[in-house]
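Single-structure report; data block below.
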Amino acid sequence: MNRTRLSAVALAAMIALTTACSESEEPATSGADDGEALTVGFSVYDMQFEFFQEMERGTREAAEEKGWEFVLHDQRSDENEMVTGAQALLDQNIDVLIISPVNPEALGPIVNKAQEMGIPVVVDDIGGGGTPYDAIVISDNEDGGVQAAEYMAAQIEANGVTSRKVVSITCEPSAFYAARRNEGFRTAIEAAGYEVVTELSGNSRAEDAYDIMNDALARDPDVAGVFACNDPMAVAAGNAIIDAGMDPVNDIVTVGLNGDPEALTAIESGGLSATVAQDPAGMGALTVDLAEQLANGETPDFDNEAEREVYQEVTLVTSENLADFTN
């Protein structure tokens, strides 16, 4: 082999080696968009409650379907546990934090630390405490109130009741998102020609709602309907109606919101006209979809862009579709 031929071969080998090294040293991209499995940390309000059990299930199953790792932290209804446990999740090399906070006002240190680490934060229900979270998933509470009002108006007509007086029992004043339920109800029921003659806070407690309904009936015995912000209060209002010698389905249309087991049982036994069911499992799955978008650097399609809110649909439950929720 002559010198010219040898130089050409050596040059080709050097180019090939340089190209191979360049290709092998190219930095790998990270994130959900390249198929890499992410790790999602979920800090849940309290796993002793069925609502949050369903939320956890929806979150976990959605993460597992994507091939992601799932790490759970249970706050056990304790603010200190929420703060320390969620921060511990951030230290476990998670890629996104999903949190259903027992106290939204204490989210500040958690969200600040996540931002410093470049970890997106998706809040599920309860509230964001005014922090710069990346997205929050809540039930479409206003629409739930509207559905309750539309059903109530139709049922009052069907029952042949001529009264246009109704009662609205709200949750505790601090329940910012839940307040939208009664706001939606009032707007829709008044548009249908009804008057809200009593609107008081039951503080989300059954015993308070029972007393409110008793007093409302004493003032206006011809009340035609009552909407309560949650199911325990609705069932209690129904009990007050029964104790007054009336029917909470045919005499006074009684509607709650949540889709709790006690409400479903009450509908089946005739102690409640209807409830509007939330979908905690669906909310959990939705937070995972949002987490994926945020991990990819995408901006979610918000229902309320100013507050970065995404709404989960709610569903009216009556005796007609009760089996869909009890089977």
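The values are calculated or read from the model by the stated rules, or taken from the named source; none is laboratory data. A quick note: this is a predicted structure, and the numbers were derived from the prediction, not measured. Virtual Cβ from ideal backbone geometry, glycine too; neighbours counted across all protein chains shown.
Observations on the model:
- Enumeration of residues in the stretch 302-327 that are outside any helix (DSSP H, G or I), under 25 Å from Arg57 (Cβ atoms) and out of contact with any strand residue (DSSP E or B) (no Cβ under 7 Å at 6 or more places or on another chain): Glu313, Asn321, Leu322, Asn327
- Taken over the stretch 50-65, the residue count meeting the criterion of being surrounded by fewer than 16 Cβ atoms within 10 Å (Cβ to Cβ) and in contact with a helix residue (DSSP H, G or I) (Cβ under 9 Å, 6 or more places away or on another chain) is 5.
- Being more than 12 Å from Val40 (Cβ to Cβ), of a type in the set (A, V, I, L, M, F, W, C), assigned by TED's automatic domain parsing to the domain that holds Arg186 and touching a helix residue (DSSP H, G or I) at 6+ places or on another chain (Cβ under 8 Å) is true of Val146.
- Residue list for the stretch 271-327, filter: free of Cβ contacts under 8 Å to residues at least 24 places away in the same chain and not assigned by TED's automatic domain parsing to the domain that holds Lys66: Glu320, Asn321, Ala323, Asp324, Asn327
- Lone qualifier among Glu183, Glu207, Glu172 - being in a loop (DSSP other than H, G, I, E, B) and among the acidic types (Asp, Glu): Glu172
Conditions (1) over 20 Å from the mean Cα position of the chain (by Cα); (2) of a type outside the set (A, V, I, L, M), marked per residue:
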position	(1), (2)
Leu72	no, no
Leu89	yes, no
Ile98	no, no
Asn103	no, yes
Pro109	yes, yes
Ala114	yes, no
Val122	no, no
Thr131	no, yes
Gln147	no, yes
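- Total residues in the stretch 37-86, condition of a type in the set (Lys, Arg) and without any contact (Cβ under 8 Å) to a residue 40 or more places away in the chain: 1
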